[in-house]
Amino acid sequence: MNVFIVESPLQLLNAMEAKQYFQLPTETCTLLLNNGENPNSMKQMLNLTDNSEWYNVEKVGFGSGKISWLTRIFGMKRQIRSYEKIDKIFIGDFRSDAIQCFINSFLQSDLFVLDDGTATLKIYNNLTNPNRVKKITGLKAFFKNLMRKLLGIGNISKKMSKREMTFFTSYNLEPMKNIRIIKNNYTFLKKQQENKSKVDNLFFLGSPLTEKRIIKTRQEYLNLLKKVLQHYDSTKEFFYVPHRTENDDFLYEIENLGFRILKLDIPIEFYLVKSYEIPNHVSSFYSTALGNLKSLFDDTVEIDSFMIDESILNTNNREEIKKIYDYYSKIINVYKV
């Protein structure tokens, strides 16, 4: 049996790609949809899931906040009792305590890490430079670590630094000790493309930068978007594709800048592959979809990233975001705003 554990639409898209790449029969593949903090994630995953492509599909956990965390842990413990042996385990983000609970119970299984957006770069850097990972301290961290020990999750960093794993990734990463790299070229997704016509539109992929406190205020975000609009020919039609975790209350202010709001229930990669029309430009401040779309469409669609000045970025995020832009500069257009 092979088990895929995902908790975001992008992870699910990559799970589907991995299933095809490794030519795994449907009757050997179980899909576990891990309940996340944002209800839109589960909604989009269910929209994307074709039950006929999996032997079994189950949701793990419910609720939000601490309730969601606990129900995911107990849900995974119930799943663990369902298996005597697993050949391959595919996971979206091993930083998830619920996923750790599962994979640490099957140490002999082959472990594969699926792309989880630009977080993949952070995960890879943390594994290859474990001494640079900041330790979280304080009372909250103490109680969380105590709960993790009581629930039998153990120390993530120690176990993962010793375990062999394979990254199935669209990023150009180098193999390291205990880490194999298999390039995900989205071969399966490319095969589903229809004949397309290009239209003179811009799709801008939104980011929850204020929600995650990466920048301080909504007004700063709006000012950045104004600069993006000034970069392009005003005859274009501008579409703003919000991230599933963006605040809906903020979208009307973005619309007032001149964008049309395009809300999707599936990943943008899947939407454009299935669409008969594609925009001639896709851009964002940063989004893993930029690299994925470059892989899918090559030079058919112009892919742009707009670099945010580090002076308005939260100091805790600056180094990580700089690495993302450094990577982008090798594969797509990068402009300063």
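FYI, it's all coordinate maths here, none of it is from the lab. All values reported here derive from a predicted model rather than from experimental measurement. Cβ atoms come from the backbone with ideal geometry, glycine included; neighbour counts cover every protein chain shown.
What to note about this one:
- Cβ-based charge dipole, the stretch 183-337, positive-most Cα from 241, 282, 327: 327
- Computed over neighbours whose Cβ is under 15 Å from that of residue 291, the net charge equals -3, Lys and Arg +1, Asp and Glu -1.
- Counted charge near residue 79, where neighbours are those whose Cβ lies closer than 13 Å (Asp, Glu -1; Lys, Arg +1): +3
- Exposure proxy ranking for 120, 71, based on other Cβ atoms within 10 angstrom of each Cβ and starting from the fewest, stands as 71, 120.
- Amide H contacts for residue 285 (H built 1.01 Å from N in the peptide plane; partners 5 or more residues away or on another chain; cut-off under 5 Å): 306.
- Residue 80-residue 331 FRET efficiency (beta carbon distance; Förster radius 35 Å; 0.05 resolution): 0.35
- Residues residue 191 and residue 299, FRET efficiency given R0 of 25 Å [Cβ-Cβ distance, rounded to 0.05]: 0.80
- Folded to 0 to 90 degrees: helix 65-80 orientation relative to the chain principal axis, Cα: 50
- In this label model, residue 58 and residue 125 are separated by 3.7 nm, measuring between points 7 Å along each Cα→Cβ vector.
- Among 337, 57, 228, 282, a tally of other beta-carbon atoms within 10 Å of each Cβ gives an order, fewest to most, of 337, 57, 228, 282.
- Cβ crowding within 10 Å, taken as a proxy for footprinting-reagent exposure, orders 93, 233, 110 from fewest neighbours to most as 233, 110, 93.
- Label point at residue 180 placed 7 Å out along Cα→Cβ; residues across the stretch 107-127 whose backbone nitrogen lies under 12 Å: 110-113
- Of all segments of the chain bounded by GluC sites (Glu not before Pro) found in a DSSP loop with no more than 15 other C-beta atoms within 10 Å, the longest spans 212-337.
- Linear extension gain, residue 230 paired with residue 245, 0.36 nm per residue minus alpha-carbon span: 2.8 nm
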